[in-house]
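The values are calculated or read from the model by the stated rules, or taken from the named source; none is laboratory data. Predicted, not measured: the structure shown is a model, and the values here were computed from it. Cβ placement follows ideal geometry from the backbone for every residue including glycine, while neighbour counts extend to all protein chains displayed. Please note that ligands, DNA and RNA were not included when accessible areas were found on the heavy atoms of the full protein model with its side chains. Shrake-Rupley method; radii C 1.70, N 1.55, O 1.52, S 1.80 Å.
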Amino acid sequence: MSQPAIANTYEDFIKGFHPKSGLDLKFYKQNQMQRRILSFMNSHGHPTYPEFLKALNADPVLYDAFFKHLTINVSQFFRDATQWKTLRETIIPLLVKSRPSLKLWSAGCSSGQEPYSLAITMMEYFSASKFSILGTDIDVNVLKQAKDGVYKQNDFASTPPEFLQKYFTPSDKGQQIKESVKRQVTFQHQNLLTDRFQTDFDFIACRNVVIYFTEEAKEMLYKKFTDSLRPGGILFTGSTEHLFGLNHLGLKPVSSFFYQKQ
Ligand SMILES: C[S@@+](CC[C@H](N)C(=O)[O-])C[C@H]1O[C@@H](n2cnc3c(N)ncnc32)[C@H](O)[C@@H]1O
């Protein structure tokens with residue numbers, strides 16, 4: 001049996017963690033990631049990188065908890081209500097005007113709150129338009145939750161109450177998303193930093209995903225997104241994620257946090 005790599009330093013650790021997880025932490029900011037890793041090691045009683053890597057390889061429950069801790073999958077339906085208003089009043093009308101059918105993608109979709117919010121927006125306000133939605137994430141556990149489609153009260157802090165009644169059914173476990181919404185979304189496992197992207201998207205939401213990425217990784221990712229958009233397509237970023245100095249990618253701001261491919 002192959003032995004896990006000896007990880008004396010942070011660099012050794014990320015090399016040892018990569019083959020098992022597919023997550024190459026060299027694309028993530030070292031200070032923040034190292035701090036997160038060390039805090040997890042401390043709270044779980046693992047004193048050194050080599051011992052911790054060994055424990056991760058031996059204990060799937062510990063591994064899952066650590067992966068979840070690293071990827072930070074907090075989300076919400078209609079997170080940042082102002083931007084969802086702009087989306088529905090300005091951005092989608094712009095897109096449906098020029099296309100009979102829209103191809104939308106929530107990249108880093110966590111447990112599905114974002115792609116389902118897109119589906120609800122389309123069903124509620126643009127029912128005459130055809131659309132398909134892709135939701136992707138690196139974390140298989142959140143994708144499973146997305147496919148189950150059951151949510152807790154705090155997922156709905158920014159959701160208009162009438163949507164809860166119309167698009168969810170209360171159950172013992174929480175609020176179950178209705179089949180009519182579920183069937184509009186396809187979920188796929190994907191690492192944004194290394195996997196190939198589909199093309200011809202009209203709209204890509206990538207929000208609150210790149211916070212820990214290095215500047216080089218962000219630039220590479222925004223270039224890949226631009227290549228995946230059709231001309232006129234829109235990239236929607238998180239509410240702290242301004243794309244300064246990325247004119248060379250051919251993205252023009254159309255509103256705060258919305259960028260259009262030229
Ligand atoms: C904070 S959540 C954001 C969810 C949603 N976009 C939102 O804004 O509410 C970040 C998600 O990005 C995912 N993620 C992090 N790195 C990734 C990568 N390299 N490829 C794909 N997904 C990634 C995490 O697993 C997590 O579910």
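For region 90-112, residues that are under 18 Å from Val210 (Cβ atoms) and not in a strand (DSSP E or B) total 3. The criterion of at least 1 residues that are under 19 Å from the mean Cα position of the chain (by Cα) and closer than 19 Å to Lys68 by Cβ is met, among strands (runs of 3 or more DSSP E) falling completely within region 116-229, by 130-137, 185-189.
Give the number of residues within region 229-259 that are among the small types (Gly, Ala, Ser) and surrounded by 20 or more Cβ atoms within 10 Å (Cβ to Cβ). Adding up the residues that qualify gives 1.
Can you find a residue that is more than 25 Å from Phe27 (Cβ to Cβ), within 11 Å of the ligand (Cβ to nearest atom), in contact (Cβ under 8 Å) with a residue 60 or more places away in the chain and part of a helix (DSSP H, G or I) anywhere in region 72-83? Yes, region 72-83 contains at least one residue that is more than 25 Å from Phe27 (Cβ to Cβ), within 11 Å of the ligand (Cβ to nearest atom), in contact (Cβ under 8 Å) with a residue 60 or more places away in the chain and part of a helix (DSSP H, G or I).
Among residues of region 37-58 that are in a helix (DSSP H, G or I), those with a Cβ under 7 angstrom from a residue that is open to solvent by 70 Å² or more (accessible area, probe 1.4 Å), sequence gap 6+ or separate chain, pair up as Tyr49/Asn8; Pro50/Ile6; Pro50/Asn8; Asn57/Lys20.
Among the numbered conditions (1) more than 8 Å from the ligand (Cβ to nearest atom); (2) open to solvent by 50 Å² or more (accessible area, probe 1.4 Å), the only one that Phe66 does not meet is (2).
Listed by first and then second residue, the pairs linking a residue in region 193-211 that is near the ligand (Cβ under 8 Å from one of its atoms) to a residue that is among the hydroxyl-bearing types (Ser, Thr, Tyr) and open to solvent by less than 10 Å² (accessible area, probe 1.4 Å), with Cβ atoms under 7 Å apart and 6 or more places separating them unless they lie on different chains, are Ala205/Ser106; Cys206/Thr237; Arg207/Thr237.
Do we find a residue being more than 20 Å from the chain's Cα centre (by Cα), at pLDDT below 95 and either in a loop (DSSP other than H, G, I, E, B) or not assigned by TED's automatic domain parsing to the domain that holds Asp195 (or both) anywhere in region 234-242? Checked against the condition, which is being more than 20 Å from the chain's Cα centre (by Cα), at pLDDT below 95 and either in a loop (DSSP other than H, G, I, E, B) or not assigned by TED's automatic domain parsing to the domain that holds Asp195 (or both), region 234-242 yields no hits at all. Looking at Lys103, Lys97, Lys130, which is the one that is surrounded by 20 or more Cβ atoms within 10 Å (Cβ to Cβ) and away from the ligand (no atom under 16 Å from the Cβ)? One residue alone meets the criteria, Lys103. Here Glu215 meets each of (1) within 14 Å of Leu87 (Cα to Cα); (2) open to solvent by 20 Å² or more (accessible area, probe 1.4 Å); (3) free of Cβ contacts under 8 Å to residues at least 60 places away in the same chain with one exception, condition (1).
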